[in-house]
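J.: Submitted below is the structure of interest, expressed as structure tokens.
No lab work stands behind these numbers, since they all come straight from the coordinates. Worth saying up front: this structure is predicted, and the values here are computed from it rather than measured. As a convention, Cβ positions derive from the backbone with ideal geometry for all residues, glycine included, and neighbour counts pool all protein chains shown.
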Amino acid sequence: LRDPKNDLLVLHLSDLIRMAFMAATDHSNQLRMAGLQTLEDIIKKFAAVPEPEFPGHVILEQYQANVGAALRPAFSQDTPSDITAKACQVCSAWIGSGVV
């Protein structure tokens, strides 16, 4: 894989997070699954990218509320188990990334 520090995709990170959030919170289960997978991919790709304005911090820290809000509906009682399982994988990626 390419070095994430030199990847220009980071310039569109807020759009990627917003897109993943919208998909992960949609009514369509297929879209929710795709949104959660995208969120997991984003976390894995950008977890080590430093925040240029705040030394000692990573860029994903500013999206903590967005990630939490995207995951919350996946743990409601009426959510299919495969969606909840994928959300657990995203939580694991988030915690394992060290962003929190």
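J.: What are the pairs with Cβ atoms under 8 angstrom where one residue, in segment 28-40, is under 13 Å from A70 (Cβ atoms) and touching a residue at least 12 places away in the same chain (Cβ under 8 Å) and the other, located anywhere, is crowded, with 16+ Cβ neighbours inside 10 Å and of a type in the set (D, E, K, R)? Sequence gap at least six, or different chains.
T.: Filtered contacts from segment 28-40: M33/K86; L36/K86; Q37/K86; E40/K86.
J.: If I95 satisfies all but one of (1) surrounded by 12 or more Cβ atoms within 10 Å (Cβ to Cβ); (2) in a helix (DSSP H, G or I), what's the number of the condition it fails?
T.: For I95, the exception is condition (1).
J.: Just name the residue that is nearest to D26 (Cα to Cα) out of those in segment 47-81 that are acidic (D, E) and exposed (fewer than 13 other Cβ atoms within 10 Å of the Cβ). Spell out how you get there, then give the answer.
T.: Within segment 47-81, the first condition is being acidic (D, E), and the residues that meet it are 51, 53, 61, 78.
Going one step further and asking which of them are exposed (fewer than 13 other Cβ atoms within 10 Å of the Cβ), we end up with 53, 61, 78.
On the way: E53: 33, E61: 24, D78: 14 Å.
Looking at the filtered set, the residue picked out is D78.
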